[in-house]
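S.K.: Mind having a look at this structure? Questions to follow.
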Amino acid sequence: MHACLPAVAAALALTGAERDQAPARIDDWPGDKDAAALLDGPLRVWRQAAAAGLGLLSARIRF
C-alpha cells in the first residue's frame with residue numbers, strides 16, 4: 001500500500017485545466033453528487049489506508 005502510493009497519486013492527480021474541466025463533466029452525470037468529493041476522495045482514502053498500515057478493498061454489487 002505505502003509503496004504504491006506515489007504511483008497511485010500520480011495516476012489520480014488532476015491539475016490545471018484538467019482539474020478545472022472535470023467538475024463540469026461530472027455535473028453532467030445523472031444523479032446527485034459532489035464533484036470535488038469524487039475527485040479527491042479516492043486518493044484521500046489511499047493515503048489514510050497507507051498511513052494506518054492497512055490495505056483497500058472495493059466492491060460493487062449490481063442487481
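S.K.: What is the one condition in (1) assigned to a loop (DSSP other than H, G, I, E, B); (2) surrounded by 11 or more Cβ atoms within 10 Å (Cβ to Cβ) that A50 does not satisfy?
M.R.: Checking A50 against (1) assigned to a loop (DSSP other than H, G, I, E, B); (2) surrounded by 11 or more Cβ atoms within 10 Å (Cβ to Cβ), the one that fails is (1).
S.K.: If you don't mind, another one. Among the residues of the range 26-39 satisfying the criterion of being open to solvent by less than 70 Å² (accessible area, probe 1.4 Å) and closer than 30 Å to G53 by Cα, which is farthest from the chain's Cα centre (by Cα)?
M.R.: For the range 26-39, the residue satisfying everything is K33.
S.K.: Same structure, new question: Of the numbered conditions (1) in a loop (DSSP other than H, G, I, E, B); (2) surrounded by 10 or more Cβ atoms within 10 Å (Cβ to Cβ), P23 satisfies every one except a single condition; which is it?
M.R.: Result: P23 fails condition (1) only.
S.K.: Continuing with this model, one more query. List pairs: first residue in the range 6-20 and loosely packed, with under 10 Cβ neighbours inside 10 Å, second residue at pLDDT below 90 anywhere in the structure, Cβ distance under 9 angstrom, at least six positions apart or on different chains.
M.R.: Close Cβ pairs satisfying both conditions: none exist.
S.K.: May I pose another question? Can you run down the residue pairs with Cβ atoms below 7 Å, 6 or more apart or on separate chains, where the first is in the range 34-63 and closer than 26 Å to R19 by Cα and at pLDDT 90 or above and the partner is of a type outside the set (V, I, T) and outside any helix (DSSP H, G or I)?
M.R.: V45/L56; W46/L56; A49/M1; A49/G55; A49/L56; A50/M1; A50/H2
The values are calculated or read from the model by the stated rules, or taken from the named source; none is laboratory data. Note that the structure is a prediction, hence the values are computed from the model and not measured. With ideal geometry, Cβ positions are generated from the backbone for all residues, glycine too; neighbour counts draw on all protein chains shown. The protein model used for the area step is the full one, side chains on, heavy atoms only, and it has no ligands, DNA or RNA in it. Shrake-Rupley method; radii C 1.70, N 1.55, O 1.52, S 1.80 Å.
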